[in-house]
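Visitor: The structure follows.
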Amino acid sequence: MTKTHGVLGLVGICLLIVVLSAAGLASDFLTRLDLDLDGLLLILTCLLMGALFLIMLFVIAKEQGWIPERHKKSAEPAAPKPAAARAVPAKPQSEEPVSVRPGEGK
């Protein structure tokens, strides 16, 4: 299976869940369970599942390049970069032994 088939499979699953969530919301209102406890739980579950899979569908589409990215236009032209700082000559390291125990090596 190629990467394209895998991505299309994920998109299909996401779309199926979103459609089933919309069907669940429609059935909730058609059966008049609106403000009943069962109706509220069905509404919240459908909204949660639909939102999660819509976000995942958006992420997949963004990664695949199906949604073009916005580039912010800057009002100011790009400032020239400052000249590179001169390198500071390194100090020669001392020959003193380094100890991990406090108080030693002094």
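Where a number appears in this text, it was derived from the coordinates with a stated rule and is not lab data. Since the structure is predicted, the reported quantities are computational estimates derived from the model, not experimental observations. Note that each Cβ is placed from the backbone with ideal geometry, even for glycine, and that neighbours are counted across all protein chains shown.
Visitor: Share of Cα-Cα pairs in segment 9-63 beyond 12 Å, in percent?
Guide: Value for segment 9-63: 63 percent of Cα pairs lie more than 12 Å apart.
Visitor: Further question: Along Cα→Cβ, 7 Å out, is where each label goes; now give me the distance between the ones at T2 and E63 in nm to one decimal.
Guide: My value for the distance between the label points is 1.8 nm.
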